[in-house]
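Derivation of every value follows stated rules applied to the coordinates shown; laboratory data play no part. Computed from a predicted model, the values in this text were never measured in an experiment. Glycine gets a Cβ as well: all are built from the backbone with ideal geometry, and neighbour counts include every protein chain shown.
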Amino acid sequence: MTAFASWIRRLLSRISHRVAQRLVNKLILLFASIIVLVVGSLTFISSKMLENESFKSNVNSTESNLNIVNKNLEKFRSEIDQMSLPPLQFEQLILALRNEPGDYASKLYLEDYVRQLYYSRDDIEAIYLYLIDQRKYYYISRQDQDIRVRVLYDAQGKVSESAWFRSALDSLENRETQSMLVQPPADHAYGIDTKRTFMAYHRVLRNLSDRRAEAVMSFYFNPSGRDRVVGDIPVSDGEFIAYVDEKNTPYYWNDADFFRSAAAGSLYARMNRGEGQGRFDWEYGGEKYLVVFDRLETDGWKLIKAIPYGKISRAAQTNRLYSYAIGGVFLLVSLLLVTFVSGAITRPLKRLSQKMNRFGEGFFDVEVEVKGRDEIAHLANRFNMMVARTNDLINERYRMKLVEKSAILKALEAEINPHFLYNALQAISTKALKSGMTDITDMVDALALTLRYSISGKDVVTLREELKHIRHYFTLQKARFGDRLQVVYDLGEEAYGLEIPKLSVQSLVENAVKHGLEKVSYAVTISIRHARRGGEHVITVADNGPGIPPEKLEQILRSLQTEWEDRETDSLGLKNVHTRLQLIFGDRARLEIRTDTSGTEMSMLLPGEEGTEHV
């Protein structure tokens, strides 16, 4: 313990020493202390306010949700009410009820009417149409395997003598044309499976003229429609909800024990004291709950939700943690601002240092913004002058490099002629040995025209001029290879006017002869074609020879990227073409090589008219 206390003292002493060394550290410490005090106090106060607001927001949100869902449930019951007796078919329905005993068409109409109502909603479990005078009823139910409308007689009066039936007939004292009765699920003498239903809806059909009851229509609904509406109420573990009518008869609850206990107590009585929405405390199982309810003023149906206070407190605690987190973020931001403001004096030096670092990394377009007339501004001015002078020297060096590249270009062009001259003379010698002397004149003429083209002073020629030279070249090579050499041209009219480096296509053709024709004993076709790829012109020389071996191809591609110090490589011609393309047209121009066992394609890619940039 003593060692730890000693370590703490040494640490505090070291921090105090560092703080005392610089004024900026003292300012940071002072401002930080003030900010911690202010932000800490505000965070504590705001957390308490947020806790209260969280409770109110939770309760208000629950009340609003219950109100909306209760209205949707009212709409749900209203839709059932409207569906049970469409006013446009009422007179026809009453007429069919009165004529049913002796009119077969009326029977068919009633069957069709019941069937249409049954299939109009997916939450109808069964429909019963009881004809009072005939003591029989039409019905259709999902409990039957064969879902169809059936007719049964109530010979013993089980239905007509039941309490619910009498209650339905006497449901309205003024005996309006249509009377209705809503009940929880029960047998009702129809044999309905009450486990599959949650509500029975009875509609008394009365004659318009004498208001005499003709029939009672009973609808039994499964919970699917109700659950879709009630599902909009968010319910988590430990929360309870219930849906009851004006007599506190339950039509939905998620925990029977809770609401049976509530019914035994005074829960429903407390809800009947006020109107509309309300809330109060309730205890169950040793835990305290907040009961929130919404009651409709029209018919008194209520939607109830009980929320444990512990859960509300947990939500408030979560908001308190959020408040502390926000306070911590503000505190951190404030400390960062203090640090930033304290270092404002040294910021100009920092900017100058950053610019100098970029200058040292090779970015020569940097410039320091000069503010004021102090020593730092004077230093920035001197740095800007140094950068400008360096840029002048670089530009001068660049122009010298261009002159050097031009000299290299001329040297590269000169290196092609001896190589080609050697191959041409070898072709003439081979022809002289294998045949008579009649073709020697044509070969010499072709050689003379080729040499004259090679020593011309042009750096850039049209593709038309290059192809004329290529044809002289093929004249010499056909003397060597005979019918084994086949040539195909696939060029559009726009291709002939393209400007290309002199002897570039010939170098590609020579490569096709060397790696294609010379390596095999069968006939090889060399094709020269032009195409457009996006904004680029592509001039391709292809052959169907054996292709270039992978190790050789790798050596060629590597040579295209190396400097010219290595002149022993046998891919000098391709290196020559690649270098001259980039010297004349810029970096967008390049040479591409594709090869496999079915042949080789070498393509020169030239920028289009908009992208052409002669160097």
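Per-structure values
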| quantity | calculated |
| --- | --- |
| Low-density loop positions, chymotrypsin sites (Phe, Trp or Tyr not before Pro), the stretch 491-585 - DSSP coil, at most 15 other Cβ in 10 Å | Y522, W564 |
| Built amide H within the under 5 Å cut-off of R590, gap 5+ | L605 |
| Nonlocal amide H pairs with A200, under 5 Å, H built at 1.01 Å | Q183 |
| Footprinting exposure proxy for R373, R206, R115 (fewest neighbouring C-beta atoms within 10 Å first) | R373, R115, R206 |
| Interchain or long-range residues, amide H under 5 Å from Q277's placed H | R295 |
| Neighbour-count ranking [beta-carbon atoms within 10 angstrom, fewest first] of K136, K71 | K71, K136 |
| Neighbour-count order for D123, D146, fewest beta carbons within 10 angstrom listed first | D146, D123 |
| Out-of-range pairs (alpha-carbon distance over 29 Å; input K71/K247; K158/K302; K478/K575; K75/K107; K107/K302; K247/K311) | K158/K302; K75/K107; K107/K302; K247/K311 |
